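Every read-out reported here was derived from the displayed coordinates using simple, explicitly stated rules and does not represent laboratory data. No experiment lies behind these values; they were computed from the predicted model shown. For neighbour counting, all protein chains shown are included, and Cβ atoms are generated from backbone atoms with ideal geometry for every residue, glycine included.
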Amino acid sequence: MDRHERRAGAPMAGDTMAERSVPRPLWVEEPARRRRMPDPVRTAAVRAVLLTAVTLIQAMVAFFASLTGSWLAFPMVLSSVASTVVATWGVLDVWVTRQVWNQRHGVVSAPSSTARQLRRERRRARREARGAAREAARIRRRGTGGLSRA
């Protein structure tokens, strides 16, 4: 047996029984740094990446065909121009889809403390106005419907 090989179950330097008995996980899951993109936006992004990749491949083929003087150069240049327009549309589609999704489903945001304070003040003012209106209605109801006993 080579000095670098280790028999299965043979302790290594610094190993304790507790460390050897608990199997280590292959990986440790970490929470995502960013939220996952919504499905329509992710679909548009994948489509845009594929269109861009095809466009780059076509541009490379057109370039090399031009260098070699091949008959394929002219059709590839034309298709590369058309493909560039389509890839640009694909990238804009991602942006538009993202904006539409945000408008329809709202954006999770954490308002600043100033905005929160203004909302609290407006809520308090509305609550006081409702309370004053209820009190005025109660006084009007109590005052009508009978003769005064004075």
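By per-residue mean of other Cβ atoms within 10 Å, what is the highest-first order of 44-54, 27-37?
44-54, 27-37
State, as an integer percentage, the relative contact order of segment 35-107 based on alpha-carbon contacts under 8 Å between residues 6 or more apart.
Numbers: 52 pairs, mean separation 30.6, N = 73.
Normalised by residue count, the contact order of segment 35-107 is 42 percent.
Could you give me the ³J(HN,Hα) list for segment 74-86, computed from phi with Karplus coefficients 6.51, -1.76, 1.60 and θ = phi - 60°, whole Hz, x at Gly and Pro?
The phi angles translate into 5, x, 5, 5, 4, 5, 5, 5, 5, 5, 5, 5, 5 Hz.
Would you grab the residues whose amide H sits under 5 Å from the one on L72? Only those 5+ places off in sequence or on another chain, please, with H modelled 1.01 Å from N.
none
Using the Kirkwood radius over Cα pairs, work out the Stokes-Einstein diffusion coefficient for segment 29-71 at 20 °C and 1.002 mPa s, in µm²/s as a whole number.
162 µm²/s
Treating only the Cβ of Lys, Arg, Asp and Glu as charged (+1, +1, -1, -1), what charge dipole size does segment 35-107 show about its Cα centre? Round to the nearest 20 debye.
380 debye
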